[in-house]
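Derivation of every value follows stated rules applied to the coordinates shown; laboratory data play no part. None of these values were measured; they are calculated from a predicted model. Methodologically, a virtual Cβ is constructed for each residue, glycine included, from the backbone with ideal geometry; neighbour enumeration extends over all protein chains shown.
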Amino acid sequence: MTLDFTGKRVLVTGASTGIGAATAKVFGAAGAIVGVHYHRSEAAARQVAADIQAKGARAILLRGDLMQEAACSDTVNGFAEEAGGLDVLVNNAGGLLLRKPVLEYDTQAFNDTFLLNVTSAFLCSRAAIPHLQKAGGGSILFLSSIATRFGPPGVAPYAAAKAALNGFAMSLAREQAPDNIRVNAVAPGVIDTPFHAATPPERMAALKEMILMKRVGQPEEVAEVILFLASDMARYITGECIDINGGQNMRC
């Protein structure tokens, strides 16, 4: 079944590369008006927007450093104003700032990790809720991580930040259910994105051996789950975090 988002207004943060870019493109292919947010990678973001427009959909470019509070509200409100409202917010922006043991982490780096991954998502979500209420409901989605499931070494602040997102998503789902706003998260495993560009080949080989499907995932395989969760086919799903990891970590 093809999911139809014709006329729906979807904002994807951190949409210039990786999972964010794939997510923006799948919503565009489904007919949505897509907000392509970026911070530094303007050329890549413009290419994502061009790819969306080439399929006949509308793309709106938005630049902002989401580690700055004003940029979060400006990004959300700016998109809603230009698109005529908001139906879906995908809080994709985030990342691993440093890979080192806790003893080598300073307080600023720890706080910056939460600012990038958690605070920005909180601020964007808070700005989005009035627009979603005005639209009669909608969806907010978060990008969590497999790191929350088994806490790999060297990424403790990142794993903690993504776990915080899971808790935030559940609480927000309870708060916003009366407004017909569904809130969910996805937790990708090892995905072929720039996130893993610096991972040594021997480490990648070891990771593949841990995955039942013996391969890394593709950004589109995450984006398609996000598309489903934002669609009416998932209208009875809220407060959930869906694992997408090829069987590297299983829950049942």
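Between Gly154, Gly138, Gly14, where does the largest GNM mean-square fluctuation fall for the chain, given springs only between Cα atoms within less than 10 Å? Looking only at Gly154, Gly138, Gly14, the biggest GNM fluctuation is shown by Gly154. Highest average first, the peptides 93-99, 199-205 ordered by how many other beta carbon atoms sit within 10 Å of their residues are 93-99, 199-205. To the nearest ten degrees, helix 219-230 and the longest principal axis of the Cα atoms of the chain are 50 degrees apart. Each residue of the range 102-107 is assigned a 3J(HN,Hα), and the resulting list reads 4, 4, 9, 7, 9, 4 Hz, derived from the Karplus form 6.51 cos²θ - 1.76 cosθ + 1.60 (θ = phi - 60°), x at Gly and Pro.
In this structure, the pairs whose alpha-carbon distance is over 21 Å, taken from Lys100/Lys162; Lys8/Lys162; Lys100/Lys214; Lys8/Lys55, are Lys8/Lys162; Lys100/Lys214. Farthest towards the positive end of the charge dipole of the chain, among the residues Asn245, Phe168, Ser41, is the Cα of Asn245, using unit charges on the Cβ of Lys, Arg, Asp and Glu. Quick check: the angle from helix 42-54's long axis to the longest principal axis of the chain, C-alpha only, nearest 10 degrees? Roughly 50 degrees, rounded to the nearest 10. Rounded to the nearest 500, what is the chain's calculated 222 nm mean residue ellipticity when only DSSP H runs of at least 4 contribute -39500 (n - 2.57) each, over all residues? My calculation for the chain gives -13500 deg cm²/dmol from helical runs alone. Helix 18-29 and the long axis of the chain differ in direction by around 30°, with both axes built from C-alpha atoms. Short version: ³J(HN,Hα) in whole Hz for each residue of the range 113-119, in order, from phi by Karplus 6.51 cos²θ - 1.76 cosθ + 1.60 (θ = phi - 60°), x for Gly and Pro, what are they? Those phi angles translate into 4, 6, 4, 6, 8, 10, 4 Hz. Largest GNM mean-square fluctuation among Ser125, Ser144, Ser231, using the chain with Cα springs under 10 Å: Ser231.
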